Structure formats: structure tokens, C-alpha cells
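Notes for the one structure printed next.
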Amino acid sequence: MLLANRHRRHRATQPLLSARFEDAATALAELTAAYQTPDASGAVAYRAGVTVGFVLGAPKPSPLWGPNIWVEAAGLAVVDPELIRDLYAAAAARWVDEGRTAHYVVVPAHDAELVQAWFRLGFGQQHAHAIRPAAPPATVMPAGLSVRRASRVDIPALAQLDRELPLHHAQSPTFSAGPMGTLEESVAEWEADFDDPAYTTFVAEADGRVIGSAIGCALEKSSTHLSLARPEHAGFLGFAAVLPHARGAGAGRALGTAVIDWAVSAGFDSVVTDWRVTNLLSSRAWPALGFTETFLRLHRLIRY
Ligand SMILES: CC(C)(COP(=O)(O)OP(=O)(O)OC[C@H]1O[C@@H](n2cnc3c(N)ncnc32)[C@H](O)[C@@H]1OP(=O)(O)O)[C@@H](O)C(=O)NCCC(=O)NCCS
């Protein structure tokens, strides 16, 4: 009931989110799945015998996140934002005892008081999940720039562009520790997967050379935007990159627009994307294309 009520309040400001989770039975199914995640644990708050809040976290096996615990989109609800601090205090004692010192929490973006309560627990914002309606953006193509569907001859350029995101994320102020494969591995992946109809790839060209790429697919292909953060019939702007020398001249916007236009023609109701909030480029480019935040991922590292 608490989770369904939280989602109902969330949808009042973000109606593109799925209506399904306003139903208590559907919310219960999500919470049950979260509870059954291996090594899940958390805390429940009661006032005069009535349940007034909970927090539920579980570790992700990927080494990418460190010795972690994740509170996903179905993992928290409170009647009063301040309660989350008591809940975290109770739950985090066990998480830290277990050696899980990298904490991640996915919080409804509209609830400023709840976000502030997490900030008063030492968390900061790491990531944003966002959505926009599937409606064509008003984008004027800059002179000398064009966007088209990718073809196999573009594979060397696509492989290079794949590397531009981790290269950018490794720099200040993102400092992401994400792994980076070799150019050869990326070429081999493109060769193997190029004809996969689940993904639609666009390239941007200037002066006859590919300077950027973007990929659209159904949101179901994404490993994030899970549970209450997954709207139905949503397209996904899954990747975009522009070569460093060509950035800031409208190519990223043109590529994002191509993916949104594709999502419109494919019949999706909305388009979803996400970004590291410390990525100064994407965190400005995607809101400028009409994406508004749905969930924020907050992060706290203990005992650095
Ligand atoms: C993110 C990226 C694809 C955007 O492409 P781009 O060609 O640089 O972006 P654009 O020139 O189209 O600018 C997009 C918007 O960002 C805004 N913007 C760009 N630089 C800005 C700045 N310094 N301050 C404020 N806004 C800025 C622009 O106003 C523009 O909005 P507008 O069209 O309404 O004017 C590109 O910068 C990139 O490859 N970054 C590295 C990889 C990456 O971050 N990929 C995305 C992962 S989520």
C-alpha cells in the first residue's frame, strides 16, 4: 500500500510513468521480487502498530559498483520523509557489518523532501533517469550536418564512438571507473550484432565524415529503468556520442532527435534515457531535448 501510494503521488507529477504500480497487488509483486533478491535486507518502521515506511536493499554481483548495496525503485516508501533516516540507520548497520560500504539508492525525483532527507544521510546525486513524450522535438538541423541510419561501412567509426563515452566519463568531474574494451573488441561486436533488428543506429555526418552516433531500442533492452521505473511501451535512447572536436555544435541534439523521431514512428508512447549527473555534456544535452527526471540515483561511499 505504501509503495502504491508513493507511486500514485509520483505519477501526479510524472504521468508518463506506468499506472500499473498504483495498484497495491502489482506493487506487492515488485516488492516481493525485491525481497527475494539474494542477500536482500532492510528495515520497516511502525507507528502505533501501523506500518509507516520501509527500506529494502540488495547487492549487485557486478564488481563495477564496489562492495555494494542497492535500494532499487521498489525498495523504499515512507509516509514522512524524515522516517527514511531512521530506516536507513537500522538497515545500514547490517549492510556495513557485511562489508557492503558502497550504497546506491533510486529515489523518486519529484519528492524534494525525500531527496533532502537522503542528502542529510551523506548521500549525493550520481545519476538521473528521465522521460519525455514520444513527440517530435523542434530541432533545426545545423548547416553542414546530416543524420542517417548507419550502414556496415560505418563500423570503424561506430567502434571509435563507442569508446568516446568511457573516455569522457573517465575525465573530471565524472571520474567513472567503468571498464573500457579495445577498439578491436568493439569492431568485432559491431560486426556480429550489426543486423540485430532490436537496435536502430544513427550516424551524424559533417564534411562527409561520421562524427557522432546514437542508438534507439525498446526500453526492455535496458538493464536499468527497472520495476516502478519502467514505463510500458517506452523507447530508449540507449547510447549517443559525438567526437570531441565536433561537440557543442548541435550534432548530439540532432542524433537524439533522430532517436525520438524513430520512437514516434515505431509507435512508442514515451522515450526514456539516463545520464551521470556529473557528465556536464549529457546532463545538459538531454534536458534541452525535453527529458525530465523520473528517478535520481543517490550514492554514498562509507570508510573511504
Ligand atoms: C552528450 C553529447 C552526445 C551531446 O552532443 P553535442 O553535439 O555535444 O551536443 P549539442 O551541441 O547538440 O548540444 C546539446 C544541448 O546541450 C546544451 N549545451 C551544450 N553545451 C552546453 C553548456 N556548456 N552549457 C549549457 N548547455 C550546453 C546546448 O544548449 C544544446 O541545447 P540546445 O540545442 O537547446 O541549444 C556529446 O557531448 C558527447 O559525445 N559527450 C560525451 C559522451 C556522452 O556523454 N554521451 C552521452 C551519454 S548519456
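Scanning the range 277-304 for residues that are charged (D, E, K, R) and near the ligand (Cβ under 7 Å from one of its atoms) gives a single hit, Arg284.
Would the range 205-220 turn up any residue that is touching a residue at least 60 places away in the same chain (Cβ under 8 Å), open to solvent by 10 Å² or more (accessible area, probe 1.4 Å) and polar (S, T, N, Q)? No, the conditions are met nowhere in the range 205-220. Please work out if Ala288 is of a type in the set (Gly, Ala, Ser) and either crowded, with 17+ Cβ neighbours inside 10 Å or without any contact (Cβ under 8 Å) to a residue 12 or more places away in the chain (or both). For Ala288, the condition - of a type in the set (Gly, Ala, Ser) and either crowded, with 17+ Cβ neighbours inside 10 Å or without any contact (Cβ under 8 Å) to a residue 12 or more places away in the chain (or both) - is not met. Scanning the range 55-85 for residues that are crowded, with 24+ Cβ neighbours inside 10 Å and either in a helix (DSSP H, G or I) or at pLDDT below 95 (or both) yields a single hit, Ile84. Annotation: Ile131 fulfils all but one of (1) part of a strand (DSSP E or B); (2) open to solvent by 30 Å² or more (accessible area, probe 1.4 Å); the unmet one is (2). Taking the range 263-284 as the range and being open to solvent by 40 Å² or more (accessible area, probe 1.4 Å), within 21 Å of Leu16 (Cα to Cα) and in a helix (DSSP H, G or I) as the test, the residues that pass are Val264, Ser265. Looking across the range 101-110, the residues that are open to solvent by 20 Å² or more (accessible area, probe 1.4 Å) and either in contact with a Ser or Thr (Cβ under 9 Å, 6 or more places away or on another chain) or assigned by TED's automatic domain parsing to the domain that holds Asp274 (or both) come down to Ala109, His110.
Of all residues in the range 139-156, those satisfying the criterion of being among the small types (Gly, Ala, Ser) and open to solvent by 40 Å² or more (accessible area, probe 1.4 Å) are Ala143, Gly144, Ser146, Ser151. Examine the range 246-254 for a residue that is open to solvent by less than 30 Å² (accessible area, probe 1.4 Å), more than 9 Å from the ligand (Cβ to nearest atom) and more than 20 Å from Pro137 (Cα to Cα), and state whether such a residue exists. Within the range 246-254, not a single residue is open to solvent by less than 30 Å² (accessible area, probe 1.4 Å), more than 9 Å from the ligand (Cβ to nearest atom) and more than 20 Å from Pro137 (Cα to Cα).
Within the range 2-54, being free of Cβ contacts under 8 Å to residues at least 40 places away in the same chain, open to solvent by less than 40 Å² (accessible area, probe 1.4 Å) and of a type in the set (A, V, I, L, M) holds for Ala4, Ala24, Ala40.
The values are calculated or read from the model by the stated rules, or taken from the named source; none is laboratory data. Here the structure is a predicted model, which means the values were calculated and not measured. Ideal geometry is used to build each Cβ from the backbone, glycine not excepted, and the neighbour counts take in all protein chains shown. What goes into the accessible areas is simple: the full protein's heavy atoms, side chains included, and nothing from ligands, DNA or RNA. Shrake-Rupley method; radii C 1.70, N 1.55, O 1.52, S 1.80 Å.
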